[in-house]
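The values are calculated or read from the model by the stated rules, or taken from the named source; none is laboratory data. Values in this document were obtained by computation on a predicted structure and should not be read as measured data. Every residue, glycine as well, gets a Cβ built from its backbone with ideal geometry; the counts of neighbours run over all protein chains shown. The area values use the complete protein model at the heavy-atom level, side chains included, leaving out ligands, DNA and RNA. Shrake-Rupley method; radii C 1.70, N 1.55, O 1.52, S 1.80 Å.
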Amino acid sequence: QVQLVESGGGLAQAGGSLRLSCAASGGPFSRYNMGWFRQAPGKEREFVASIAWNAGSTYYADSVKGRFTISRDNAKKMVYLQMNSLKPEDTAVYYCAVQNVWGSRRPADFGAWGQGTQVTVSS
């Protein structure tokens, strides 16, 4: 069974950048479609981005399109989220997960959630 561990969160200023990493262990990682979600205090967990098993397709929430980039390295069993032009509203705990239903953006269709990494963007 795959286990996921996120890292790379921290404090950034508005307009700055952060790169999140998600390390996978166990399971056939190269077969998994993967996704990033985020959850701000008092809000529901929301879809951020997803990437196909072969990186052939990527999808983004409208709120991050053009600013965030999802990528992966199957040899290293890693998924990344490059976040540029950060805004205070990007402040949240960010999670990576395995996408069980291709094309879905619903948290219920993802699994093997990591513990999350906190991103705080100051204005």
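Taking only Cα atoms and a 10 Å spring cutoff, compute GNM fluctuations for the chain and point out the largest among 49, 75, 12.
Checking each option, the largest mean-square fluctuation is seen for 75.
Report the gain in length on full extension from residue 3 to residue 71: 0.36 nm times residue separation, minus Cα-Cα distance, nm rounded to one decimal.
Difference between extended and current length: 22.7 nm.
At a 1.4 Å probe radius, carbon and sulfur cover how many percent of the accessible area of the chain?
47
Suppose we keep just the DSSP beta bridges with both residues in the chain; what percent of those would be antiparallel, to 5?
90
I'd like the FRET efficiency for residue 44 and residue 87, computed as 1/(1 + (r/R0)^6) with the beta carbon distance as r and R0 of 22 Å, rounded to 0.05.
In this case the efficiency is close to 0.70.
Which of the chymotrypsin sites (Phe, Trp or Tyr not before Pro) across the range 55-123 are loop residues per DSSP, with 11 or fewer other Cβ within 10 Å?
102
Just the accessible area per residue of the chain, please: how many Å² with a 1.4 Å probe?
With all protein chains present, the chain gives 50 Å² per residue.
With the chain treated as a Gaussian network of Cα nodes joined by springs under 10 Å, which of 86, 11, 20 yields the largest mean-square fluctuation?
Maximum fluctuation in the GNM of the chain, among the listed residues, is at 11.
Taking trypsin sites (Lys or Arg not before Pro) that fall in a DSSP loop and have at most 16 other Cβ atoms within 10 Å as cut points, what is the longest piece of the chain between them?
77-123
Find how many whole Å separate the alpha carbon centroid of the range 50-123 from the alpha carbon centroid of the range 32-48.
Here the two parts' Cα centres lie 7 Å apart.
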